[in-house]
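Report on the following structure.
Please treat every number below as a calculation from the coordinates, not as lab data. The structure displayed is predicted, hence computed values, not measured ones. Ideal geometry is used to build each Cβ from the backbone, glycine not excepted, and the neighbour counts take in all protein chains shown.
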Amino acid sequence: MITPRFLSPRDITQAEIRAICTLKNQSWPHSMESQLAWWEKNTAGDDRFVTLVRDGSLLAFLRLRSRTVSVSGARLDVLCATEVCVDESHQGQGLGALLMGAAATHTKQTSAGVAYLLCRDVQEPFYAACGWRRTDAPLQIESSSGRGRRPLAADERCMTFDPQDRLNGQIVLFGDVF
Ligand SMILES: CC(C)(COP(=O)(O)OP(=O)(O)OC[C@H]1O[C@@H](n2cnc3c(N)ncnc32)[C@H](O)[C@@H]1OP(=O)(O)O)[C@@H](O)C(=O)NCCC(=O)NCCS
């Protein structure tokens, strides 16, 4: 039995960050130096890290970022899940579903009770099996780099945990990291 752990940038240790970067490196290979630099650049004070640890080994990780989305012009404070990953020697054992369930439980305790993530089409069945739903609402992404808005690419999906159906309208996501 593994209990998900929630950490904030304030209480995570350097050793835990290195373990997470090592785990992420299985799916997104870079040097450790580059992983740590990315972490530094892309971590905000209100991020929440969700981990699954067994016998001292990190088996799974995801990050919940605080984000504001626009739904038909109205601002909604939501969470965005990124960097979802399970150690490759422990995949297919339900840990990904446990991790996504922990993210959903945490999301229910936030004001809007809404979370989303962007993924590729091939990853949709995993998130759907975890109870997250694909949104087919008209959706655009606005990055802070001033390149304007873009629609989802054909192979991109926006999966949501949104039990109250609040992402119901024209959606604009804001951010550079999803
Ligand atoms: C995607 C990932 C997180 C899944 O974790 P996992 O621990 O292997 O998944 P689980 O064992 O919890 O599977 C949960 C459910 O999803 C299904 N599932 C898992 N991977 C799947 C896939 N690639 N395609 C379809 N279904 C999948 C399982 O069959 C299971 O369904 P069930 O409950 O009906 O039996 C893991 O494979 C991973 O870390 N991949 C590399 C990183 C990555 O691609 N992350 C996603 C970035 S958006």
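Search the stretch 1-20 for residues being assigned to a loop (DSSP other than H, G, I, E, B) and not aliphatic (A, V, I, L, M), and hand back the single one that is nearest to GLY96 (Cα to Cα).
Checked the stretch 1-20; the qualifying residue nearest to GLY96 (Cα to Cα) is PRO4.
Inspect the stretch 125-135 for any residue being outside any helix (DSSP H, G or I) and free of Cβ contacts under 8 Å to residues at least 24 places away in the same chain and give the result as yes or no.
Within the stretch 125-135 (the criterion being outside any helix (DSSP H, G or I) and free of Cβ contacts under 8 Å to residues at least 24 places away in the same chain), the answer is no, since none of the residues qualifies.
Would you confirm whether or not the stretch 5-19 contains a residue that is within 16 Å of the ligand (Cβ to nearest atom), within 16 Å of the chain's Cα centre (by Cα) and touching a residue at least 12 places away in the same chain (Cβ under 8 Å)?
First, the residues of the stretch 5-19 that are within 16 Å of the ligand (Cβ to nearest atom): 19.
Narrowing the set further to residues that are within 16 Å of the chain's Cα centre (by Cα) leaves none.
Within the stretch 5-19, not a single residue is within 16 Å of the ligand (Cβ to nearest atom), within 16 Å of the chain's Cα centre (by Cα) and touching a residue at least 12 places away in the same chain (Cβ under 8 Å).
So for the stretch 57-69 (the condition being over 30 Å from GLY169 (Cβ atoms), free of Cβ contacts under 8 Å to residues at least 40 places away in the same chain, more than 12 Å from the ligand (Cβ to nearest atom) and part of a strand (DSSP E or B)), does at least one residue qualify?
Looking for residues that are over 30 Å from GLY169 (Cβ atoms), free of Cβ contacts under 8 Å to residues at least 40 places away in the same chain, more than 12 Å from the ligand (Cβ to nearest atom) and part of a strand (DSSP E or B), one finds at least one in the stretch 57-69, hence yes.
For the stretch 86-122, enumerate the residues that are part of a helix (DSSP H, G or I), in contact (Cβ under 8 Å) with a residue 24 or more places away in the chain and over 20 Å from THR135 (Cα atoms).
Matches in the stretch 86-122: GLU88, HIS90, LEU95, GLY96, LEU98, LEU99, ALA102, HIS106.
Criterion first (farther than 24 Å from GLN140 by Cβ and in contact (Cβ under 8 Å) with a residue 24 or more places away in the chain) does LEU36 satisfy it?
No: the conditions fail for LEU36.
Any idea how many residues of the stretch 121-136 are near the ligand (Cβ under 7 Å from one of its atoms) and under 14 Å from the mean Cα position of the chain (by Cα)?
Number satisfying all stated conditions: 3.
Just for the stretch 137-152: of the residues that are within 16 Å of GLY175 (Cβ to Cβ) and outside any strand (DSSP E or B), which one is nearest to the ligand (Cβ to nearest atom)?
LEU152
In the stretch 21-56, how many residues are under 16 Å from the mean Cα position of the chain (by Cα), outside any helix (DSSP H, G or I) and within 22 Å of GLY175 (Cβ to Cβ)?
Going through the stretch 21-56 one residue at a time, the tally reaches 9.
Which residue is farthest from THR68 (Cα to Cα), if the candidates are limited to the stretch 82-119 and must be in contact with a helix residue (DSSP H, G or I) (Cβ under 9 Å, 6 or more places away or on another chain) and away from the ligand (no atom under 12 Å from the Cβ)?
Initial filter on the stretch 82-119 (in contact with a helix residue (DSSP H, G or I) (Cβ under 9 Å, 6 or more places away or on another chain)): 82-88, 96-97, 100, 113-115, 117, 119.
Keeping just the survivors that are away from the ligand (no atom under 12 Å from the Cβ) gives 113-115.
Numbers: GLY113: 13, VAL114: 11, ALA115: 11 Å.
Ranking the qualifying residues of the stretch 82-119, first place goes to GLY113.
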